[in-house]
Structure formats: structure tokens, C-alpha cells
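These notes are about the structure you will find just below.
Taken together, the values in this text are just the output of simple stated rules run on the coordinates, not laboratory data. No experiment lies behind these values; they were computed from the predicted model shown. Positions of Cβ are generated from backbone atoms using ideal geometry, with glycine treated the same way; all protein chains shown enter the neighbour counts.
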Amino acid sequence: MHGAFSGYGNFKTQSDLATQTDVSNALLTFSKNTGRVQASVTTGAYAFPVAGQPLVPTTRQPGANTALYGAVPAYDVAYVPNGNVTVSAGQLATMLGQENGFTFQNVDIQRGIVWAAEPTFSRGVRVAYTNGKMTGDLEYDDGYYSGSSGRAVEGLAGWAPTANTDWSFAFIVPGANTPPNVTAAIANKREYDFMLTQQFGKLQLEPYVLYVQSPASAALGYTGSESALGAALLANYAWNAVYSVGGRFESFGNHGATADTSLNADLVGFGPGSRATTWTITPQYHPGPFFARAEYSLVTVNDAIVGFGPTGTLTDQSRFLVELGAQF
């Protein structure tokens, strides 16, 4: 069993006018990772703070955070016939992206705008194969948590030529008529993710590029095929096991025009034709099981239909957060 318990506070931002505090993690994970039949379940409460998006004032508010994937956000039962193959079924974390869902799993408190475009958890069956430096995963699931409304194929191919270098390509292809739901405003989008993890001594770099394409669908009112391109660089420098600093830069833009009226034209989140960049820096103090970190982020949008501030017209948002917690 292991767990994570933490809370965070947001102070004096340009979009959230009042100081906000919340539980970021109150999670326990129970797992059996030996034998041919293995299992894992994670349960509790959690929040998904995202740069450039409003911070929800309560972890359990309907339509956000814990309410999105329930009090048991991840669970699986796996059959492991040998050291190369694993077959698992359950509510599984996505294979796309360089960031995970929960704050304690990442070098930054907030997730990025590219992460926000990707799936987080899906319900399905996954087959994983490992052979030396090569890995491969293939999954049949419900895409962007679409349930019975849509099915998707998700996969990953990885190659680790050295202990310090890992290349991977991940994708998800849902049905063209998959309707939106509370976790995804556009759920028929196909995504292709190119990722690299590179270690240089105490410095780890994780660049990745995400291409998003939403096909036309008469059933959904999507009159055109829309696309967007995102790129991100995550970095973490660890002086030792106690002190480190993480950072992230992102650029994410829609390919369509601001006058585009198709209902799937906005894949970034600030309106058709919008583009956004983010900068985030997060120093961390992690003595033993406890951790404390502070974070500053800046989000800038161009050609936005929906911006920041009370009137939604500001093009920049700065945010300062603090998170305190423990892992065991």
C-alpha cells in the first residue's frame, strides 16, 4: 500500500480573484504485483489544477476533479503469463503525454494545456509487451471516458537505446461520431504523441509534440475537419534527493481561423483560431516522505475568444501556488 496526501493554495491571480485552497491528493493505492494474477486499485479524492483554466474551489464539485472519474479513478486486474506479456483490464491511465493526472506524480503542481487536451483515464483492456529495449502496448477502450457512446484504439511503441534515453510514440483513435462528455468537450479527436525522455546527470528533459485532429461528423454538427499542434518541454534538475526545481514550457495552437464556426474548431480551449503559450517553474523541498513546493506560471493567449479575468478579455494570466503534503 502507498498513499499521497496534500493540499494546495492559489494566491492573487489575474483570473481567480480570491485566494483558493483545496485538497490536491487524498489517495491510497493497494496493489498486488507478484504472481500471474496481479491487481491494483487507487481510491480517494483528488484535484486537477491546470494552468490557464479556472481552479475549482472544491475537490468534490460536480463536473470537476474527483467527480470526473469517481472516488476510484484507477483500478485494474492483470494476467502476467511471463516476463514479456501483461494483459490488464480496468480503468487505466492513458499512455499519451509526459504528464500524469495527479499533482504528486509530476514536477509541477498544475498540469499543462497540452495535457488538458489528452485523455486521462479510460476503461478498457490493454496488452503490453516488453522485450529488451523495445516496448509495445495496445488498448481497446472508451477513449475520452465516453462509456457506451464511443470506443477507441490506443497504443504506444517505445525504444530505450540506453539507460538515459527513451523514445516513444503514442496514439489514440476514437470513433468519428463519439460525442462529447464532461471530461472532454470534443471526444472524437485523434491524437498522435511523439515523446523523448533524456537524462543528463542531474538534469532530466522530457520534450514532446502532440498532433490533434478532429474529423468532420454530421451527427455531431462538426462541419469540418479541425486540427491543432502542441509542443512542450518539461525539465527537472535535482541537486540531491531533497532539493529540485521543475519547469515547463508549452505552445499549443488551433490550425483553424477565428471565424471558424464548426463545433469542433476549438481544440486548445480559448476559442477557434486561438494559440497559447505557458511558462511554469516549480522549486521543491522533499525531505523524507514530506514535500513542499511553490510554483509560478504565466499563460499568454493570442486570438482568444475566451480570455482571462472577470470579463474574459485579458490575454495573460499569472498564478502563484503552494503545495504541502506527504507520500508514503
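One residue stands out among those in region 306-328 that are exposed (fewer than 15 other Cβ atoms within 10 Å of the Cβ) and without any contact (Cβ under 8 Å) to a residue 60 or more places away in the chain: the one that is farthest from Ala231 (Cα to Cα), which is Thr311. Annotation: Gln61 fulfils all but one of (1) within 30 Å of Arg248 (Cα to Cα); (2) surrounded by 15 or more Cβ atoms within 10 Å (Cβ to Cβ); the unmet one is (2). Of the set (1) crowded, with 18+ Cβ neighbours inside 10 Å; (2) within 17 Å of the chain's Cα centre (by Cα); (3) within 15 Å of Asn106 (Cα to Cα), all apply to Leu233 but (1). All conditions but one from (1) under 14 Å from the mean Cα position of the chain (by Cα); (2) within 27 Å of Val322 (Cα to Cα) apply to Ser24; the one that does not is (1).
For residues in region 138-155 being touching a residue at least 24 places away in the same chain (Cβ under 8 Å) and in contact with a Gly (Cβ under 7 Å, 6 or more places away or on another chain), which is surrounded by the fewest Cβ atoms within 10 Å (Cβ to Cβ)? Filtering region 138-155 for residues that are touching a residue at least 24 places away in the same chain (Cβ under 8 Å) and in contact with a Gly (Cβ under 7 Å, 6 or more places away or on another chain), the one surrounded by the fewest Cβ atoms within 10 Å (Cβ to Cβ) comes out as Arg151. Selection within region 195-210: residues that are surrounded by fewer than 16 Cβ atoms within 10 Å (Cβ to Cβ) and assigned to a strand (DSSP E or B). The member of this set that is nearest to the chain's Cα centre (by Cα) is Val209. Filtering region 236-250 to residues that are under 17 Å from Val268 (Cα atoms) and surrounded by fewer than 19 Cβ atoms within 10 Å (Cβ to Cβ) leaves only Phe249.
Here is a yes/no grid of residues against (1) without any contact (Cβ under 8 Å) to a residue 24 or more places away in the chain; (2) touching a helix residue (DSSP H, G or I) at 6+ places or on another chain (Cβ under 8 Å); (3) hydrophobic (A, V, I, L, M, F, W, C); (4) over 22 Å from Ala176 (Cα atoms):
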residue: Tyr222; (1), (2), (3), (4): no, no, no, no
residue: Tyr237; (1), (2), (3), (4): no, no, no, yes
residue: Phe249; (1), (2), (3), (4): no, no, yes, yes
residue: Gly256; (1), (2), (3), (4): no, no, no, no
residue: Gly271; (1), (2), (3), (4): no, no, no, no
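Quick one: is Ala117 among the aliphatic types (A, V, I, L, M), closer than 27 Å to Phe48 by Cα and in contact with a strand residue (DSSP E or B) (Cβ under 9 Å, 6 or more places away or on another chain)? Yes: the conditions hold for Ala117. Taking (1) assigned to a helix (DSSP H, G or I); (2) under 24 Å from Val212 (Cβ atoms) in turn, Phe104 satisfies each apart from (2). Annotation note: of Gly97, Gly101, Gly112, the sole residue that is on the phi > 0 side of the Ramachandran plot, surrounded by 15 or more Cβ atoms within 10 Å (Cβ to Cβ) and touching a strand residue (DSSP E or B) at 6+ places or on another chain (Cβ under 8 Å) is Gly97.
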